[in-house]
Amino acid sequence: MKPPADRLYGRARGHALRPRQRKLLDAALPRLAFPPAAAADPGSAFAPRPRALWLEVGFGGGEHALAQAEAHPDSGLIAAEVFENGICSLLSHLIPAPADPATVALPGNLRLWAADARGLIRALPDACLDRMFLLFPDPWPKARHARRRFVHPAALAGIARVLRPGGEWRIASDDPTYQDWVRATLGAQDWFAVETVAARPPSWPPTRYEAKALAAGRTPLYWRLTRR
Ligand SMILES: C[S@@+](CC[C@H](N)C(=O)[O-])C[C@H]1O[C@@H](n2cnc3c(N)ncnc32)[C@H](O)[C@@H]1O
């Protein structure tokens, strides 16, 4: 099997931005952005330096990232998303109008990576992450698109490298093809001990995609992986 293609296939842009969204991107995103230069020492990007470092891949509207950052002030969360409207959604929730995005106080334990999370993962040092979240990733259900899936046999070594032993990787998916794929992929590796969780634990804040899946009658599955 070929390794995953290192380009993005999902949407980076959606509907045109409203002036408030433009302002959030221009004035607040630079204040919250995780600087690429901090990748070698990711704790240095937070103020104060966090006790634990977490990464969320594909935060969508940001519901989960914001809830985690608020509930865990001692953890530093890097939240990654490529979809501009998603980034705006997180910023809109964090900075409701009429607060000024240029001056409003921002959480010291949340940093945004507005680019492909895979590039960041490659740049991070070994065993630096305590936790990683991958919630309802794009499923790419067609077999010929399997190389686009974030969970991929050829990607696991790189993810295992950045999670410390005992660190946790949470995955959720509502797509039956992706669920089978995750089961098979995780069943054929030794880096992680895998636990399937039937219902979302209360410490996993809900996301918009989970709500959509439940409303459509689909049954999400949740996995808790522990780095050996
Ligand atoms: C199906 S949505 C789920 C969003 C959110 N986690 C939720 O549960 O509501 C998947 C998101 O992952 C983002 N995404 C996909 N690949 C990514 C990557 N390599 N780096 C960062 N974000 C990515 C997409 O832009 C999309 O917003």
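So the values come out like this:
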read-out	value
Filtered residue count, segment 101-127, keeping only those that are closer than 16 Å to residue 7 by Cβ and within 11 Å of the ligand (Cβ to nearest atom)	7
Residues that are within 12 Å of the ligand (Cβ to nearest atom) and in a helix (DSSP H, G or I), drawn from segment 209-228	209, 210, 211, 212, 213, 214
Failed criterion for residue 161 (all others in (1) more than 21 Å from residue 192 (Cα to Cα); (2) more than 15 Å from the chain's Cα centre (by Cα); (3) away from the ligand (no atom under 14 Å from the Cβ); (4) assigned to a helix (DSSP H, G or I) hold)	(1)
So residue 95, is it of a type in the set (Val, Ile, Thr), within 16 Å of the ligand (Cβ to nearest atom) and at pLDDT 95 or above	no
Count of segment 180-208 residues which are within 14 Å of the ligand (Cβ to nearest atom) and either in contact with a Leu (Cβ under 7 Å, 6 or more places away or on another chain) or part of a loop (DSSP other than H, G, I, E, B) (or both)	5
Condition check for residue 130: more than 15 Å from the ligand (Cβ to nearest atom), of a type in the set (D, E, K, R), closer than 18 Å to residue 163 by Cβ and in contact with a strand residue (DSSP E or B) (Cβ under 9 Å, 6 or more places away or on another chain)	yes
Answer residue from segment 59-70, given it is without any contact (Cβ under 8 Å) to a residue 60 or more places away in the chain and more than 9 Å from the ligand (Cβ to nearest atom) and is farthest from residue 120 (Cα to Cα) among those	70
Failed item in (1) over 14 Å from residue 225 (Cα atoms); (2) within 11 Å of the ligand (Cβ to nearest atom), with residue 135 passing the rest	(1)
Unmet requirement for residue 73, which otherwise passes all of (1) farther than 22 Å from residue 126 by Cβ; (2) under 17 Å from the mean Cα position of the chain (by Cα)	(2)
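The values are calculated or read from the model by the stated rules, or taken from the named source; none is laboratory data. Not measured: the values here are computed from a predicted model. Neighbour counts are summed over all protein chains in view; Cβ atoms, including those assigned to glycine, are modelled from backbone coordinates with ideal geometry.
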